[in-house]
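Rule-based calculations on the coordinates, nothing more; no lab input. Bear in mind that the values here come from a model prediction, so they are computed numbers and not experimental data. Using ideal geometry, Cβ is built from the backbone for each residue, glycine included, and neighbour counts are taken over all protein chains shown.
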Amino acid sequence: MSEQFAEFENLLRKALAPVEPPAELEARLELNLASIVDLATEELEAWELSSMGDPRNWTRIARPVAAVTIGSAAAVGLVLVRTQRKRHKRRNEAAGAVDLAGRTLRDLAREARRVADDVF
Amino acid sequence: MASSEHTREQKARLDDAFSALYKAHLRDVYSYSYYRVGNHHDAEDLTEQTFLQAYRHFERAQRESEGRPLRPWLIRIAHNLAANYYRDRSRKPQTPIDDAGVLSAPHTTEDLVEDRDDLKRILAGVQQLPDDRREALIMRFALGMDNREIARALGRTDGATKVLIHRAIRQLEEIVKQDEGPDA
């Protein structure tokens, strides 16, 4: 690097010396940032308090309830389908209408136990 | 609520880190803004906007920086805002940089008397440089950033940045020589 180039760089460094920000800018910026931080904290706390009352958050609560409901409905459906499959066998073996009803109930209970074991 | 307590602690840590970043780099952002826009009034606006913008994206920047310094990221925000500033207002820094800039810089009185004309000529020359060269010089000399930091702020390679700075100085030298006239 030539001496002239180094000298010019030195001048450039002086010309582009760092500029101190005005004191009032520093104070204003700190105030603005502090307000934003406070707002964000208040928002977080307000959200916690209102989360149960806000319909937009109901989905969070409803999700497990819905899962249990949907799961139960599916289990009941499975019991019914399995019991229904055996209806011809029950009809052939039953001695009468009362006996058929009794056999159907027993099958329902048996299938319910099996599904309960499988699912839960 | 344990998770919200954790969130609050995380947020407090983040705010502390941002406060440290702000304290460490307020002067850098202000200097950069000042030399970009050429007056204190707009430099204050630009600095304020830069830090507000930075606060919004600080968490992600901190995560993605993987421990590297965040100054280039801050300066890049200021750079983008300055570009918007000129685009929105359809203006360029036509006027020379306020004398107040040179006067507020940490020079001794002797320096000022001796070099004042030279410094004015150089500042006027800096304003005539293409945007990328001007910015590179501001980052190098006003902020003391090294090639790697400047490269990150400008989105270039280290090698390309080194060449950019060298060419910027050469071009500025030419501009200043022409301005001095043949008798200089």
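Counting neighbouring Cβ atoms within 10 Å and putting the fewest first, the residues B:Lys23, A:Lys14 line up as B:Lys23, A:Lys14.
Just list whichever of B:Lys120/B:Lys177; A:Lys14/B:Lys162; B:Lys23/B:Lys162 have alpha carbons separated by over 23 Å in the model shown.
Details: B:Lys120/B:Lys177 13 Å; A:Lys14/B:Lys162 21 Å; B:Lys23/B:Lys162 29 Å.
From the list (B:Lys120/B:Lys177; A:Lys14/B:Lys162; B:Lys23/B:Lys162), the Cα-Cα distance tops 23 Å for B:Lys23/B:Lys162.
Other chains' Cβ within 10 Å of A:19-31 residues: what's the mean?
Numbers: counts 19, 8, 13, 6, 0, 1, 8, 6, 0, 2, 10, 5, 0.
Average neighbour count from other chains, rounded to a whole number: 6.
By the count of neighbouring beta-carbon atoms within 10 Å, fewest first, B:Leu74, A:Leu11 end up ordered A:Leu11, B:Leu74.
Please get the size of the charge dipole for the stretch B:18-61, origin at its Cα centre, with Cβ charges of +1 on Lys and Arg and -1 on Asp and Glu, quoted in debye to the nearest 20. The partial results should precede the final answer.
On the way: 5 positive and 6 negative charges, 39 e Å.
That gives the stretch B:18-61 a dipole magnitude of about 180 debye.
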